[in-house]
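Student: Quick one: this structure, given as structure tokens, is what I'll be asking you about.
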Amino acid sequence: MGPVLRVPAGERLDLGAFDPSATPAGPTGKAAGLAATAQLAEPLASLQERLYAASTAGDRRRVLLVLQGTDTSGKGGTVKHVIGLFNPSGCRIRAFKAPTPEEQSHPFLWRIEQALPQPGEIGIFDRSHYEDVLIARVRELVSRSRLNRRYAQINRFEEALADDGVTVLKVFLHISYEEQRKRLLERLDNPDKHWKFSPTDIDERGMWAEYRHAYELALERCGGDAAPWYVVPADRKWYRNWAVSKLLLEHLEELAPRYPAADFDVEACRARLLTT
């Protein structure tokens, strides 16, 4: 699954070559997709428990899922469905909004560092440090030379995370221009979803081409072996949820965490317990 969705390193990227409604290497149809996702729950939960258990014996490994995408691409929905497959107590979730005054007083990676998962945890970022090379570029908040320095800083930061035992899984949720319109209209048509809509969403939509180019540059320049990017077609929500869950499963299986051996005499403890 991973190689199918992985962005090739060092190549020029054209998101137009990726079909947002495709279902590569996936189940055939929504019903099959929902069933396949449900089947991932048990192995994901088992691997998560083993990852956490290993941390109690000093294993520093952990996983960080970074979700990026345009408005309505389904970052929040993905978080909800993925967390449903895990024990929430072993997850660390952070949704990054506009930086606070305190965060603005620090280097842009500071707030990211404060939210990283601890050993044994699975961290999930709804938006991330990439906002500082996406929005910053589209809205021209910083100079191009500073943007270029940020790409390099991000690469060094992610390489350091990998060296410290963090498996960084970066996913771009790829939706089409037409699908975004549909989802925004659904929010307008449902009073219960008006809170999720802002007139500025239309303004942001007017810069679709600019955001797409900014994403292409971010995926091109920050996609090394330490933290590669994966493009997940997200027009079909069921496929999006299955694909992200499958990517997590593959990365956790590669880590192959194990329960730690007992550091006490099991039989002696059994004998003592039987006398109580």
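Student: Out of all the residues in region 136-153, which are free of Cβ contacts under 8 Å to residues at least 24 places away in the same chain and open to solvent by 20 Å² or more (accessible area, probe 1.4 Å)? Full working, then the answer.
Tutor: Going through region 136-153, the residues free of Cβ contacts under 8 Å to residues at least 24 places away in the same chain turn out to be 136, 139-149, 152.
Those that are free of Cβ contacts under 8 Å to residues at least 24 places away in the same chain and open to solvent by 20 Å² or more (accessible area, probe 1.4 Å): R139, E140, L141, V142, S143, R144, S145, R146, N148, R149, A152.
Student: In region 71-111, which residues are open to solvent by less than 40 Å² (accessible area, probe 1.4 Å) and in contact with a Phe, Trp or Tyr (Cβ under 8 Å, 6 or more places away or on another chain)? Break it down stepwise before answering.
Tutor: Just the residues of region 71-111 that are open to solvent by less than 40 Å² (accessible area, probe 1.4 Å), to begin with: 72-75, 77-79, 82-83, 85-86, 90-91, 96, 103, 108-109, 111.
Those that are open to solvent by less than 40 Å² (accessible area, probe 1.4 Å) and in contact with a Phe, Trp or Tyr (Cβ under 8 Å, 6 or more places away or on another chain): G90, F96, E103, L109, R111.
Student: Considering Q48, Q68, which residue is in contact (Cβ under 8 Å) with a residue 40 or more places away in the chain, over 30 Å from D203 (Cβ atoms), of a type outside the set (S, T, Y) and buried (at least 21 other Cβ atoms within 10 Å of the Cβ)? Explain how you work it out, then say what you get.
Tutor: Numbers: Q68 fails: over 30 Å from D203 (Cβ atoms).
Answer to the selection: Q48.
Student: For region 262-276, which residues satisfy the criterion of being assigned to a loop (DSSP other than H, G, I, E, B) and not charged (D, E, K, R)?
Tutor: Within region 262-276, the subset assigned to a loop (DSSP other than H, G, I, E, B) is 262-265, 275-276.
Selection gives A262, F264, T275, T276.
Student: Enumerate the pairs (first residue in region 222-234 and farther than 19 Å from D71 by Cβ; second residue anywhere and open to solvent by 10 Å² or more (accessible area, probe 1.4 Å) and among the basic types (K, R)) with beta-carbon separation below 7 Å, excluding pairs fewer than 6 apart on the same chain, so at least 6 apart or on different chains.
Tutor: P228/R6; Y230/R6
Student: For region 154-172, check the following and say yes or no: at least one residue is open to solvent by 60 Å² or more (accessible area, probe 1.4 Å), more than 22 Å from V231 (Cβ to Cβ) and in contact with a helix residue (DSSP H, G or I) (Cβ under 9 Å, 6 or more places away or on another chain).
Tutor: Residues of region 154-172 that are open to solvent by 60 Å² or more (accessible area, probe 1.4 Å), as a first pass: 156, 159, 163-164.
Remaining after also requiring more than 22 Å from V231 (Cβ to Cβ): 156, 163-164.
Next, only the ones that are in contact with a helix residue (DSSP H, G or I) (Cβ under 9 Å, 6 or more places away or on another chain) stay: none.
Looking through region 154-172, none of the residues is open to solvent by 60 Å² or more (accessible area, probe 1.4 Å), more than 22 Å from V231 (Cβ to Cβ) and in contact with a helix residue (DSSP H, G or I) (Cβ under 9 Å, 6 or more places away or on another chain).
Student: Condition check: charged (D, E, K, R), out of contact with any strand residue (DSSP E or B) (no Cβ under 8 Å at 6 or more places or on another chain) and touching a residue at least 40 places away in the same chain (Cβ under 8 Å). Does D189 satisfy that? Walk me through it before giving the result.
Tutor: Values: charged (D, E, K, R): yes; out of contact with any strand residue (DSSP E or B) (no Cβ under 8 Å at 6 or more places or on another chain): yes; touching a residue at least 40 places away in the same chain (Cβ under 8 Å): no.
Answer is no for this residue.
Student: Those residues that are assigned to a loop (DSSP other than H, G, I, E, B), farther than 23 Å from Y52 by Cα and out of contact with any helix residue (DSSP H, G or I) (no Cβ under 7 Å at 6 or more places or on another chain), I need them from region 81-108; list them, please.
Tutor: Keep residues of region 81-108 that are assigned to a loop (DSSP other than H, G, I, E, B), which gives 84-87, 96-100, 105-108.
If we keep only those that are farther than 23 Å from Y52 by Cα as well, we get 96-100, 105-108.
Scanning region 81-108 gives K97, A98, T100, S105, H106, P107.
Student: Please determine whether any residue of region 63-71 is touching a helix residue (DSSP H, G or I) at 6+ places or on another chain (Cβ under 8 Å) and more than 15 Å from D126 (Cβ to Cβ).
Tutor: Of all residues in region 63-71, those touching a helix residue (DSSP H, G or I) at 6+ places or on another chain (Cβ under 8 Å) come to 63-65, 67-71.
Filter again for more than 15 Å from D126 (Cβ to Cβ), leaving 63.
Within region 63-71, one or more residues are touching a helix residue (DSSP H, G or I) at 6+ places or on another chain (Cβ under 8 Å) and more than 15 Å from D126 (Cβ to Cβ).
Student: Residue by residue through region 180-232, note down the ones that are open to solvent by 30 Å² or more (accessible area, probe 1.4 Å) and among the acidic types (D, E).
Tutor: E186, D189, D192, D203, E204, E210, E220, D225 - these are the residues of region 180-232 that are open to solvent by 30 Å² or more (accessible area, probe 1.4 Å) and among the acidic types (D, E).
Student: Based on what the data block shows, is E250 touching a Gly at 6+ places or on another chain (Cβ under 9 Å), among the acidic types (D, E) and at pLDDT 95 or above?
Tutor: Details: touching a Gly at 6+ places or on another chain (Cβ under 9 Å): yes; among the acidic types (D, E): yes; at pLDDT 95 or above: yes.
The answer is yes for E250.
Student: Separate question: Tally up the residues in region 27-45 that are among the charged types (D, E, K, R) and surrounded by 13 or more Cβ atoms within 10 Å (Cβ to Cβ), please. Don't jump to the end; show me each part of the working.
Tutor: Start the filter on region 27-45 by keeping residues that are among the charged types (D, E, K, R), which leaves 30, 42.
Still in the list and also surrounded by 13 or more Cβ atoms within 10 Å (Cβ to Cβ): 30.
Total meeting the criteria: 1.
Student: Please work out which residue is farthest from L47 (Cα to Cα), limiting yourself to region 112-131 and to residues that are open to solvent by less than 30 Å² (accessible area, probe 1.4 Å) and part of a helix (DSSP H, G or I).
Tutor: E131
Student: Do we have T28 as of a type in the set (S, T, Y), farther than 24 Å from F197 by Cβ, touching a Gly at 6+ places or on another chain (Cβ under 9 Å) and in a loop (DSSP other than H, G, I, E, B) here? So that I can check it myself, show each step before the final result.
Tutor: On the way: of a type in the set (S, T, Y): yes; farther than 24 Å from F197 by Cβ: yes; touching a Gly at 6+ places or on another chain (Cβ under 9 Å): no; in a loop (DSSP other than H, G, I, E, B): yes.
No, not satisfied.
The values are calculated or read from the model by the stated rules, or taken from the named source; none is laboratory data. Keep in mind that this is a model prediction, so the values were computed, not measured. Please note: Cβ atoms are built from the backbone with ideal geometry, for glycine as well, and neighbour counts cover all protein chains shown. What goes into the accessible areas is simple: the full protein's heavy atoms, side chains included, and nothing from ligands, DNA or RNA. Shrake-Rupley method; radii C 1.70, N 1.55, O 1.52, S 1.80 Å.
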